[in-house]
Amino acid sequence: VGMPTVGIRSVLNEFVQIVGNNCDQNGTWGILTGFSEDVLIEGNTTSRSKVEHGIYVSNSADRPIIRGNTSWGNKANGIHINGDIFAQGGDGILSNALVENNVIFGNGTGGGSGINCDGVQNSIIRNNVIYDTHASGISLYQIDGGGPSTGNLVVNN
């Protein structure tokens with residue numbers, strides 16, 4: 001809580017579980033992962049990040065599970081998933097993600113989405129509750145990703 005940059009940072013690893021944490025009023029992000037394969041982010045609350053996102057899964061990592069979190073009041077996105085080829089290399093594709101059963105509200109006063117997906121492919125976004133957004137609900141696109149967001153299933157949100 002109240003960290004100058006990030007509440008929890010997990011990078012260059014695999015099979016990490018980030019479970020049951022409260023990340024509030026951090027400088028840039030609540031939870032940040034980078035090149036973190038098969039990460040599980042579950043049952044966390046990420047709120048009031050001052051510059052960017054509640055949960056940010058980045059840098060060409062595959063098979064993340066983002067489940068059962070509450071993300072609210074962040075300046076940009078509640079949950080941001082980005083292949084990020086230009087910043088860090090890798091293939092720029094984040095594939096086979098599962099984003100489910102999250103409650104996301106009051107995000108995006110600085111722009112962004114409840115769930116934001118850049119270069120996300122062959123993933124499932126389901127059963128999330130998104131409300132009171134200041135910008136978009138769910139966005140799938142390509143800006144920094146190594147390819148377009150394609151092959152995704154978005155259902156029951």
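The values are calculated or read from the model by the stated rules, or taken from the named source; none is laboratory data. Just so it is clear, the structure is predicted and the values come from calculations on it, not from any experiment. Quick reminder, even Gly has a Cβ in these numbers, built from the backbone with ideal geometry, and neighbours come from all protein chains shown. Note: areas computed on protein heavy atoms with side chains; ligands, DNA, RNA excluded. Shrake-Rupley method; radii C 1.70, N 1.55, O 1.52, S 1.80 Å.
Solvent-accessible surface of the chain, taken per residue with a 1.4 Å probe and all protein chains present: 41 Å².
Contact order for the chain, expressed relative to its length and based on alpha carbon pairs under 8 Å spaced 6+ residues apart, stands at 17 percent. Using Cβ point charges alone (K and R +1, D and E -1), the dipole size of the chain about the Cα centre works out to roughly 380 debye.
Pairs of Cα atoms nearer than 8 Å and 6+ residues apart set the relative contact order; for region 64-106 it is 59 percent.
Top to bottom by accessible area (1.4 Å), largest first, where do 48, 67 land?
Order by accessible area, largest first: 48, 67.
Based on the Kirkwood radius over alpha-carbon pairs, what is the Stokes-Einstein translational diffusion coefficient of region 36-152 at 10 °C with 1.306 mPa s viscosity, in µm²/s? Roughly 118 µm²/s, to the nearest whole number. Mean-square fluctuations from a GNM of the chain, with a 10 angstrom spring cutoff on Cα atoms, peak among 44, 102, 13 at 13. Each part reduced to its alpha carbon centroid, region 75-153 and region 20-47 end up 14 Å apart. When nucleic acids and ligands are ignored and a 1.4 Å probe is applied, residue 42 ends up with an accessible area of around 50 Å².
Nonpolar atom fraction for the chain, defined as the carbon and sulfur part of the 1.4 Å probe accessible area, stands at 49 percent.
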